[in-house]
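Colleague: Structure in structure tokens, see below.
The values are calculated or read from the model by the stated rules, or taken from the named source; none is laboratory data. Predicted, not measured: the structure shown is a model, and the values here were computed from it. All Cβ positions, glycine included, derive from the backbone under ideal geometry; neighbour counts span all protein chains shown.
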Amino acid sequence: MVIGLPSTIAKIPASINSPAKPAGPTLVPTIGHIVDPELVTVPSESGKGQDLARCPTCGVFVWSLYGGAGSLVKCVKAGTLDQAWKVQPDVHIYTRSKRSFFVLDGSVPEFEEYYKREVVWREDSLKRWEKLIHAI
Ligand SMILES: [Zn+2]
């Protein structure tokens, strides 16, 4: 279930100094409108496919399921957040397949493929993951 996706309203790029403003007509008439996401599996480099949830109206991908965690962990697409500047990436992965126009600044670790979470994740994240894997 997706509730009031802020991303369904067209906006210009925003930053902490330039709050998001509508750039065009509203794509979904009311915030708070509830829709069920459309789940699709797309090809992935691992060959296992990646499960994604997208808005059935506009097709924007909202989250993906974290590989190996079943449906217990969803990775929200930062670009769909109303205040995306409030979150920062911890790491960039699969950079070998990024588009050339997406420039990384080296502020967080970058990996051409995936990484060993034991090396990259914070200790509190690893503890949560340890609890989670027993529920999978
Ligand atoms: Zn939509």
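Colleague: Name the residue that is nearest to the ligand (Cβ to nearest atom), counting only residues in region 50-71 that are at pLDDT 85 or above and either under 24 Å from Ala135 (Cβ atoms) or in contact with a His (Cβ under 7 Å, 6 or more places away or on another chain) (or both).
Modeller: Going through the qualifying residues, I end up with Val62.
Colleague: Residue under question is Leu132, and the condition is that it be hydrophobic (A, V, I, L, M, F, W, C), at pLDDT 90 or above, outside the structural domain of Ala69 (by TED's automatic domain parsing) and not in a loop (DSSP other than H, G, I, E, B); does it hold? Can you show your working first?
Modeller: Values: hydrophobic (A, V, I, L, M, F, W, C): yes; at pLDDT 90 or above: no; outside the structural domain of Ala69 (by TED's automatic domain parsing): yes; not in a loop (DSSP other than H, G, I, E, B): yes.
Against the criterion (hydrophobic (A, V, I, L, M, F, W, C), at pLDDT 90 or above, outside the structural domain of Ala69 (by TED's automatic domain parsing) and not in a loop (DSSP other than H, G, I, E, B)), Leu132 does not qualify.
Colleague: Report whether or not Val103 is part of a loop (DSSP other than H, G, I, E, B), touching a residue at least 12 places away in the same chain (Cβ under 8 Å) and among the β-branched types (Val, Ile, Thr). Walk me through how you get there before you give the answer.
Modeller: On the way: part of a loop (DSSP other than H, G, I, E, B): yes; touching a residue at least 12 places away in the same chain (Cβ under 8 Å): no; among the β-branched types (Val, Ile, Thr): yes.
For Val103, the condition - part of a loop (DSSP other than H, G, I, E, B), touching a residue at least 12 places away in the same chain (Cβ under 8 Å) and among the β-branched types (Val, Ile, Thr) - is not met.
Colleague: Separate question: When you look at Val108, is it touching a Pro at 6+ places or on another chain (Cβ under 6 Å), outside any strand (DSSP E or B) and exposed (fewer than 13 other Cβ atoms within 10 Å of the Cβ), yes or no? I'd like the intermediate steps shown before the answer.
Modeller: Working: touching a Pro at 6+ places or on another chain (Cβ under 6 Å): yes; outside any strand (DSSP E or B): yes; exposed (fewer than 13 other Cβ atoms within 10 Å of the Cβ): yes.
Yes.
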